[in-house]
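Structure first, then comments.
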Amino acid sequence: MPLPTRVRLIDVGPRDGLQNEKQPVPAAIKIELVHRLQDAGLREIEVTSFVSPKWVPQMGDNAEVMHGIRRREGVRYSVLTPNMKGFEAAIAAPRAEWPDEIVVFGAASEAFSQKNINCSIAESIERFAPVVEAARAKGIAVRGAMSCTVGCPYEGDIAPEKVGYLAGLMKGIGVARVDVADTIGVGTPRKVQAALEATLAHFSVDEVSGHFHDTYGQALSNTLAALELGVWNHQSSVAGLGGCPYAKGATGNVATEDVVYMLHGMGIDTGIDLDALIDTGVFISQALGREPNSRASKAIRTKRAS
């Protein structure tokens, strides 16, 4: 199969990237981050999460952030809504501030599902069904994040059949598209392809995205493996924001800068200005008091300074 000629990247930095930061990040910084991402050419941005501030205090300013965003035509803004309470909060504002897409999540690992949200995979999907139905009734798109599709911190390797089972459940409740996430970053190319193929039995290639963590340095290899199957939607995080809470000290999301550098080097169009993206990564990293976790960023900035 020929490689895709273009790739659409969903930057998850503002939500998935920042949610585990211990230090409070002001809403103004989050809003500016979204603006800089869209100025750099991102057309899909995961903005925030409508969850209890008791559990995720970093996302407690969700409504303020959604209110403050200067929306751009052609950009899709998504938010995580794990239950009806979260969904209702996400649409409590005027319609102009509603998300374009909501995200629900499920795990391909029973042990992870029990430890993470205290219920089985099947029960988690039952919980999400009314959220999906309510969103669709309001004309809001629904994406399903499928975690632990290659490996689990409790179960170890995850069989592709389990990924297919979860994908089928997601399809059954009306989810429009899904992310195949290697949550702990243990995947290697063939294992990732097996997880994707199990998902592609239920969703078309246009409805599937790859979400790879770089814990073992495999994220770019796994991205290429997904491209070989025709998967052209991918998720990444500017400056490599977001740790991996299940692998102590490990990196989490692959840096958007590194993915863009690879894709542009392969002649694949992203619509993203790499220099502007690197500057965006520097902006948010400075706000957090550290360097961007992107090799491409470091190399290009070193070159700029020489």
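Each value in this text was obtained by applying a stated rule to the coordinates, not by laboratory testing. Quantities reported herein were computed from a predicted structural model and do not represent experimental measurements. Positions of Cβ are generated from backbone atoms using ideal geometry, with glycine treated the same way; all protein chains shown enter the neighbour counts.
Side notes on the structure shown:
- With the highest mean first, a sort of the peptides 168-179, 100-111 on other beta-carbon atoms found within 10 angstrom per residue produces 100-111, 168-179.
- For residue 228 and residue 155, a Förster radius of 22 Å and the Cβ-Cβ distance give a FRET efficiency of 0.25, rounded to the nearest 0.05.
- Peptides ranked, highest mean first, by Cβ atoms within 10 Å: ranges 11-19, 41-49, 136-144: 11-19, 41-49, 136-144
- Taken over the Cα atoms of the range 8-305, the convex hull encloses 118 Å³ per residue.
- Efficiency of FRET from Cβ geometry, residue 273 and residue 138, R₀ 35 Å, rounded to 0.05: 0.55
- Spin-label pair residue 95-residue 295: with each label point 7 Å from Cα along the Cα-Cβ axis, the two points sit 4.8 nm from one another.
- FRET E, pair residue 63, residue 20, Förster distance 22 Å, beta-carbon r, rounded to 0.05: 0.60
- Magnitude of the charge dipole for the chain, about its Cα centre and with charges confined to Cβ atoms of Lys, Arg (+1) and Asp, Glu (-1), is about 380 debye.
- For the peptides 125-132, 77-84, the ranking by packing is 77-84, 125-132, with the highest mean count of neighbouring Cβ atoms within 10 Å listed first.
- Taking Lys and Arg as +1 and Asp and Glu as -1, the other residues whose beta-carbon sits under 13 Å from that of residue 297 total +1.
- Rg and Dmax of the range 162-306, both derived from C-alpha coordinates alone, stand at 16.0, 55 Å.
- Proximal lysines relative to residue 30, as straight alpha-carbon distance under 16 Å, when same-chain residues fewer than 8 apart are discounted: 22
- Here is how the number arises for the chain: DSSP H runs of 4 or more residues each give -39500 (n - 2.57), the sum is divided by the residue count, and the result at 222 nm is -12000 deg cm²/dmol.
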